[in-house]
Amino acid sequence: MKIISNYSVTQELLKKYDLFAKKRLGQNFIIDPSVVKKIARDSGADSNTVVLEIGPGLGALTQQLSKVSKEVISIEIDTDMVEILNNELDCDNCTIIHQDFLEYDLNQLQDQQELVVCANVPYYITTPILFKLIESDIHFKQITMMVQKELGQRLVAQVGSSQYNALSVIISMLFDYSVVMNVDKRCFYPMPKIDSIVVALKTKELDKLFDYERFFEFVKKCFTQRRKTLVNNLKEWGNVSPILEELGYSQTIRPQELTPSQFKEIYEKESLWKT
Ligand code: SAM
């Protein structure tokens, strides 16, 4: 089967089905085979792994993922792409599901032992997708995602920086982060305005007794308004003032000044300060 991830095959497929890339669905297809090969190789998948792929498009990445894994389950929102994938993708271990990923019931994957996620999706849904994956009960060994360079920086933003937010705290608690590769905007058709990076989030060993879900709610609450103090943002949650004092923090401390472990420290003393 011919390699999908190049300019001529991408053009050929779009022409054959009388289609244009849809901007509103963030359709920028990878047209460089070395990019999809590298992503598949570093996706954490092997012959025992099921890959959940989000946004397969014309199947450029799907094709490579199928070679390195046991099975690929690809969720695609666009009817036209689903038709192309069903007609053209010659792949025995791939299942194409026509659905908006944000509506997809992840519990269907409950029985899978070894799962990784791989996605090249529109930038505007990267954050909701990450929250959906993180907040699900499914254990993913690794999430590999193509993201806009700037978003990649936000994911690993350090305390004190203007990019630091609830997602950066949550990501650093749950994952070891690494950059798989930088991807030049010329590797896509149509060419986007900005370059991208592929990041790998490898799931850390979690403390089974710790309620992460509730802690993440707490962190999000702390960041409700980043310009406000922690005391203000947490008003509905409880009165954090006494514990800030006990731990030696200023009463005017703002969320972007706290490291992930400091959030945890304050949260874990909740029984002492929650009213
Ligand atoms: N993976 C392909 C590649 O790398 O060439 C296509 C990537 S393109 C950037 C993003 C794909 O995600 C498109 O095919 C688009 O239709 C699909 N998509 C957009 N929103 C989606 C959603 N909510 N759920 C599933 N797929 C979505």
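Going by the structure shown, is Asp78 among the acidic types (Asp, Glu) and open to solvent by 50 Å² or more (accessible area, probe 1.4 Å)? No. Quick check on this structure: which one of Ser161, Ser196 is surrounded by fewer than 16 Cβ atoms within 10 Å (Cβ to Cβ) and either touching a residue at least 60 places away in the same chain (Cβ under 8 Å) or closer than 18 Å to Tyr124 by Cβ (or both)? Being surrounded by fewer than 16 Cβ atoms within 10 Å (Cβ to Cβ) and either touching a residue at least 60 places away in the same chain (Cβ under 8 Å) or closer than 18 Å to Tyr124 by Cβ (or both) holds for just one of Ser161, Ser196, which is Ser161. Return yes when Asn48 is modelled with pLDDT of 95 or more, under 20 Å from Val199 (Cβ atoms) and open to solvent by 30 Å² or more (accessible area, probe 1.4 Å) and no when it is not. Answer is no for this residue. Filtered by the rule that a residue be surrounded by fewer than 13 Cβ atoms within 10 Å (Cβ to Cβ) and in contact (Cβ under 8 Å) with a residue 12 or more places away in the chain, segment 106-123 gives Asn107, Gln110, Gln113.
Go through segment 124-140 and report how many residues are open to solvent by 60 Å² or more (accessible area, probe 1.4 Å) and within 12 Å of the ligand (Cβ to nearest atom).
Total meeting the criteria: 1.
Is at least one residue of segment 89-105 farther than 26 Å from Lys37 by Cα, buried (at least 16 other Cβ atoms within 10 Å of the Cβ) and assigned by TED's automatic domain parsing to the domain that holds Ser168? Among the residues of segment 89-105, at least one is farther than 26 Å from Lys37 by Cα, buried (at least 16 other Cβ atoms within 10 Å of the Cβ) and assigned by TED's automatic domain parsing to the domain that holds Ser168, which makes the answer yes. When segment 143-158 is limited to residues that are in a strand (DSSP E or B) and open to solvent by less than 10 Å² (accessible area, probe 1.4 Å), the one that is modelled with the lowest pLDDT turns out to be Val147.
Considering (1) at pLDDT 90 or above; (2) crowded, with 16+ Cβ neighbours inside 10 Å; (3) within 15 Å of the ligand (Cβ to nearest atom), the lone condition that Ser168 does not fulfil carries the number (3). Against the test of being surrounded by 16 or more Cβ atoms within 10 Å (Cβ to Cβ) and without any contact (Cβ under 8 Å) to a residue 24 or more places away in the chain, the options Tyr189, Tyr267, Tyr249 yield a single qualifying residue, Tyr249.
The values are calculated or read from the model by the stated rules, or taken from the named source; none is laboratory data. On a predicted model such as this, the values are computed, not experimentally measured, just so you know. Quick reminder, even Gly has a Cβ in these numbers, built from the backbone with ideal geometry, and neighbours come from all protein chains shown. These area figures cover heavy atoms from the full protein model, side chains too; ligands, DNA and RNA do not enter into them. Shrake-Rupley method; radii C 1.70, N 1.55, O 1.52, S 1.80 Å.
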